[in-house]
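The values are calculated or read from the model by the stated rules, or taken from the named source; none is laboratory data. Computed from a prediction, not measured in an experiment: that's the story for all the values here. Positions of Cβ are backbone-derived with ideal geometry, glycine not excepted, and every protein chain shown enters the neighbour counts. Accessible surface is based on the protein model in full, side chains and every heavy atom, while ligands, DNA and RNA are left aside. Shrake-Rupley method; radii C 1.70, N 1.55, O 1.52, S 1.80 Å.
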Amino acid sequence: MIRGIKGVKDTLPDEMPRWQAIEGAARRFSHLYGFREIRVPVFEVTELFARSIGASTDIVEKEMYTFQDRDGSSLTLRPEATAGVVRAYIEHNLAASPTAQKFYYLGPMFRHERPQAGRLRQFHQYGVESFGSASPQADVEVISLLWRFLSSLGLPGLTLELNSLGEAGDRPAYKAALVAFLKPLEEQLCQNCRRRIETNPLRVLDCKVPTCRTTTDSAPKLTDHLSPFAQQHFEAVRATLDSLRIPYFLNPRLVRGLDYYTLTTFEVTTTHLGAQNAVGAGGRYDGLVEVLGGPKTPAVGFAVGLERISLMLPEGSVPAATKLVFVAGFGQQGMAAGVRLLDELRFLGVPSDTDFRASSLKALLRQADRLHADYCVILGDDEVAAGTLILRHMQTKEQQSIPLEKAAPSIATLFLKPR
RNA sequence: GUGGGUGUAGCUCAAGGGUAGAGCGCCUGACUGUGGCUCAGGAGGCUGCGGGUUCGAAACCCGUCACUCACCCCA
């Protein structure tokens, strides 16, 4: 038997309603906030991701699905979508467009990681990118969209955390200050953190080991090293969030994994997901468009993990099954008449189905029940001979006889009339 | 990449060396043409795979693969 690839999952029909609920909400909220859909390729030239995400990040160093095209060029399955959206923004000169440059996307991403709860090799993200505005209001608009979208789904235990990473120039200075603080305390840190001092000192602040946390309690804070401009920006973001009554916590330890983030960063976490507690995250990335060869353009965005949302989605929030007419045609004449009736019903826009495997009326009715059909058409040889059919309402068990000739239109009016 | 847990019927799980089982689901019948409920019957398994120990292995040992959780990292 050929099996699917590790960390790559099928979504079976039974699970689709919850996915459609999530994706439907994502589209609805995007449009509410004036974001328009954009679709970019699932694979791009490798260099795009190396340049945007950061050559020395884990994603680029060891998690990308990279392969050689037939002409020898290096291509990569997208590990995230911002890079591709920015590329398209530059390539099609969307900066010159008079309409707002706010986009959303929905689709699969690929990272070669060891699968785990809430983490797959092919996973799906919904994200938005807002280009062209450096205003703190643009940050807030994106955060508000994320927060209201997640809240609307009724996800439990959500927390919004906020931090500022400062302008591009602020981070190196802070990094140096942090390393200077950590070095003398190295003994008190866990193995991982000792390594992190060299590889990624900001991550030490994020460590979950309690002793590390107490050790770093008095560490210099990134927010104390912000330039006046960055400080002002951050304060404006916070004031606006307050005025919208969007609850958040300041988390000076909040750090982003991707290199391109600047100024505002945020993350929505939950207590209901196990180890992978990040549901969605994002921030401002004012330098990225320029880094990728475009005009200097401010931008903010976020991405959320749809599998993680799906894991948390309360049962009640998935909509009930759609309405259906089940046609139970049995016997030689009945089956033939049933096939014709199905065709007519569908032509008239009535969702209808049958089961060609079942031959007895009992088995057909059982199937109608399982599919939660609203009506079942009973159509055997006797009915065909009499030129009628029986229409059974599955819940009330009421049955009526209808002339075969007029059956499809009268079922259609009955079925399609508003409740 | 590292560590732990688990692999038995479609699903959830029993059997801890002596004939592979239950519940749910599925099919059939009771109800000669009327679903759900009830009752009765039935189908469905190389116990992940390969080796080893043993008179005898689902069980014990070795290997391997898969799934899963966690670390790392991230959405």
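Per residue of region A:12-24, in order, report the coupling 6.51 cos²θ - 1.76 cosθ + 1.60 (Karplus, θ = phi - 60°) as ³J(HN,Hα) in whole Hz, putting x for Gly and Pro.
Along region A:12-24, the couplings run 7, x, 4, 8, 5, x, 5, 5, 5, 5, 5, 5, x Hz.
If you average the alpha carbon positions of region A:1-47 and of region A:392-419, how far apart do those two centres end up, in angstrom?
38
Specify the residue with the greatest mean-square fluctuation among A:Gln20, A:Gln399, A:Gln137, computed from a Gaussian network of chain A linking alpha-carbon atoms under 10 Å apart.
Judging by the Gaussian network model, the answer is A:Gln399.
For A:Leu348 and A:Ser97, what is the calculated FRET efficiency with R₀ set at 60 Å and r taken between the beta-carbons, to the nearest 0.05?
Efficiency, from the Cβ-Cβ distance: 0.90.
Apply the Karplus curve 6.51 cos²θ - 1.76 cosθ + 1.60, θ = phi - 60°, to the phi angles in region A:39-48 and return the couplings in whole Hz, x for Gly and Pro.
These are the phi-based 3J(HN,Hα) values: 10, 10, x, 7, 10, 9, 4, 3, 4, 4 Hz.
Taking the Cα centre of each part, how many Å lie between region A:59-107 and region A:283-317?
Here the two parts' Cα centres lie 13 Å apart.
Which whole-angstrom value gives the distance between the alpha carbon centres of region A:357-388 and region A:142-176?
Cα centres, region A:357-388 to region A:142-176: 56 Å.
Looking at A:Leu153, A:Gln188, A:Pro228, which one has the Cα that reaches farthest to the positive end of the dipole of region A:152-239 (charges on Cβ: Lys, Arg +1; Asp, Glu -1)?
Farthest towards the positive pole: A:Gln188.
Could you work out how far apart the two model spin labels at A:Ile2 and A:Val291 are, taking each label as a point 7 Å from the Cα in the direction of the beta carbon, and quote it in nm?
Distance between label points: 3.9 nm.
Using alpha-carbon pairs under 8 Å, 6+ residues apart, how would you state the relative contact order of region A:325-414 in percent?
32 percent.
Using the alpha-carbon atoms, what tilt in degrees (0 to 90, nearest 10) does helix A:136-152 show relative to the longest principal axis of chain A?
For A:136-152 against chain A, the angle is about 40 degrees.
Would you mind telling me which residue in A:His92, A:His233, A:His272 has the biggest mean-square fluctuation in a Gaussian network model of chain A, where springs connect alpha carbons within a distance under 10 angstrom?
Of A:His92, A:His233, A:His272, the most mobile in the Gaussian network model is A:His92.
For A:Lys221, list the lysines whose Cα falls under 24 Å from its own Cα; do not include residues on the same chain fewer than 8 positions away.
A:Lys175, A:Lys183, A:Lys208
I want to verify a result. In a Gaussian network model of chain A, Cα cutoff 10 Å, which of these has the top mean-square fluctuation: A:Met16, A:Met394, A:Met64?
A:Met394
Counting residues in chain A as N, plug N into 2.2 N^0.38 Å and put the Cα Rg over that result.
So the Cα radius of gyration is 1.29 times the expected 2.2 N^0.38 Å.
Around A:Trp147, what is the net charge, scoring Lys/Arg as +1 and Asp/Glu as -1 over all other residues with Cβ under 12 Å from its Cβ?
-1
Let me spell out the model: positive unit charges on the Cβ of Lys and Arg, negative unit charges on the Cβ of Asp and Glu, origin at the Cα centre of chain A. What dipole size does that give, in debye rounded to 20?
Computed charge dipole of chain A: roughly 500 debye.
Treat every Asp and Glu Cβ in region A:49-129 as -1 and every Lys and Arg Cβ as +1, leave all other atoms uncharged, and give the resulting dipole magnitude about the Cα centre to the nearest 20 debye.
My answer is approximately 180 debye.
From the phi angles alone, apply the Karplus equation (6.51, -1.76, 1.60; θ = phi - 60°) to region A:236-243 and give each ³J(HN,Hα) in whole Hz, x where the residue is Gly or Pro.
Using θ = phi - 60°, the values come out as 5, 4, 5, 4, 5, 4, 4, 5 Hz.
Given a 1.4 Å probe and every protein chain left where it sits, what share in percent of the accessible area of chain A is carbon and sulfur?
Of all accessible area on chain A, carbon and sulfur atoms account for 53 percent.
Once you have the Cα-Cα distance between A:Arg366 and A:Gln20, take 0.36 nm times their residue separation minus that, and quote the gain in nm to one decimal.
Using 0.36 nm per residue and subtracting the Cα-Cα distance, I get 121.8 nm.
Could you give the nm distance between label points at A:Thr11 and A:Arg195, where each point is 7 Å from its Cα heading toward the beta carbon?
The modelled label-to-label distance comes out at 3.5 nm.
Charges at C-beta only: +1 for Lys and Arg, -1 for Asp and Glu. How large is the resulting dipole of region A:325-414 about its Cα centre, in Debye rounded to 20?
So the magnitude is around 220 debye.
With a 1.4 Å probe and every protein chain left in place, work out the accessible area per residue of region A:210-259 in Å², rounded to a whole number.
56
Looking only at Cα atoms, what is the convex hull volume of region A:325-414 per residue, in Å³?
81
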